[in-house]
Amino acid sequence: MKLKPLLSILLIYLVTATYAQDFEKVNITTTKLTAHIYMLQGAGGNIGVSIGEDGIFIIDDQFAPLSKKILAAIKKLSNKPFKFLVNTHYHGDHTGGNENMTKAGATIIAHDNVKKRLSKPQRNGTLKPKDALPVITFNDKLNITINGESILVFHVANAHTDGDVMLYFTKSNVLHTGDTYFSKRYPYIDVYSGGSVHGFIEATKRALLFIDDDTKIIPGHGELSNKEEYKSYLNMLETLRNNIQTAIDMGKTEAEIKADVSLTKIYDDLGYSIGLNSAEIRVNFYRSLVKK
Ligand SMILES: [Zn+2]
């Protein structure tokens, strides 16, 4: 099987960012966004939480070893029963705690492709237990009414993966983007799991239709964000797409594009290369854009 260097880089990044720092030492921080919506951060994807009279609703759950701490942080906010958990996509830094959350009472909801991917034999050949899998899946969009508002959960096709959803809290005016947005850093497009530059850009444009200047945006990774930053991010995606597509049209090879700093320079200078570095993002875009 062909090696997948970018994926390995991502995994090394995730592993060094999590296992190596020792889950014992990870603190879960809670940020209050509105009267009943919170963002939890620890290691892995940002978690969204809605609490209220109906119970607890959460978005993503980081890694299994952090579940106890995550549940303790939620308990501080509310003693109500756990209702639903939505997985924004299948990656392990967003779904690692699924089994524990089911045991805590949550019903897991996700896109059809998340369930498909989580149901496949894992890297070590084992199958995930039933409790780690979504119970309710959907293909396009769904509405969840909980804690006094309707939450629009919508699929964005072939963006970060082939199973991404974004969530918009219609009254609270909060958007959770999953990994279709990393605030102030380059994205990662998982082309080996159905992600694409084109879908990523379309996803960002679609979310922009819902939000306004007051929207609070919970990104997949990075700090709480807003519409202005989100628009700059779209600009960055389109600029990189145009630059790299032009280079491809000129007949440039992957190695040449990887070496050509000018293609990403303005955003490198703005400090975007925190997750994927500048060479990696050029290769990531190249591989998506040449993929048929
Ligand atoms: Zn991801």
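The values are calculated or read from the model by the stated rules, or taken from the named source; none is laboratory data. In this text the structure is predicted, and so the values were computed from the model without any measurement. When we count neighbours, we look across all protein chains shown, and the Cβ atoms used for this are built from the backbone with ideal geometry, even at glycine. Just the protein is used for accessible areas: all its heavy atoms, side chains included, with ligands, DNA and RNA removed. Shrake-Rupley method; radii C 1.70, N 1.55, O 1.52, S 1.80 Å.
The C-beta contact set for region 83-107 (first residue open to solvent by 30 Å² or more (accessible area, probe 1.4 Å), second residue away from the ligand (no atom under 16 Å from the Cβ) and assigned to a loop (DSSP other than H, G, I, E, B), distance under 6 angstrom, 6+ apart or interchain) comprises Lys83/Gly55; Glu99/Pro129; Gly105/Pro81; Thr107/Val135.
Does Ile144 meet the test of being of a type in the set (Val, Ile, Thr), farther than 17 Å from Ser232 by Cα, more than 16 Å from the ligand (Cβ to nearest atom) and in contact (Cβ under 8 Å) with a residue 60 or more places away in the chain? It is true that Ile144 is of a type in the set (Val, Ile, Thr), farther than 17 Å from Ser232 by Cα, more than 16 Å from the ligand (Cβ to nearest atom) and in contact (Cβ under 8 Å) with a residue 60 or more places away in the chain. Is it fair to say Leu133 is open to solvent by less than 50 Å² (accessible area, probe 1.4 Å), more than 16 Å from the chain's Cα centre (by Cα) and either among the charged types (D, E, K, R) or within 22 Å of Asp112 (Cβ to Cβ) (or both)? Spelling it out, Leu133 is indeed open to solvent by less than 50 Å² (accessible area, probe 1.4 Å), more than 16 Å from the chain's Cα centre (by Cα) and either among the charged types (D, E, K, R) or within 22 Å of Asp112 (Cβ to Cβ) (or both). Please find, among Asn113, Asn139, the residue that is out of contact with any Pro (no Cβ under 9 Å at 6 or more places or on another chain), at pLDDT 95 or above and open to solvent by 60 Å² or more (accessible area, probe 1.4 Å). Only one candidate qualifies: Asn139. Scan region 27-54 for residues that are out of contact with any helix residue (DSSP H, G or I) (no Cβ under 7 Å at 6 or more places or on another chain) and more than 16 Å from the ligand (Cβ to nearest atom) and the total you get is 14.
Quick one: is Thr126 of a type outside the set (Lys, Arg), surrounded by fewer than 17 Cβ atoms within 10 Å (Cβ to Cβ), over 18 Å from Ser193 (Cα atoms) and modelled with pLDDT under 95? Criteria met by Thr126. For Leu234, state whether it is open to solvent by 10 Å² or more (accessible area, probe 1.4 Å) and in contact with a helix residue (DSSP H, G or I) (Cβ under 9 Å, 6 or more places away or on another chain). Judged against the criteria, Leu234 is a match.
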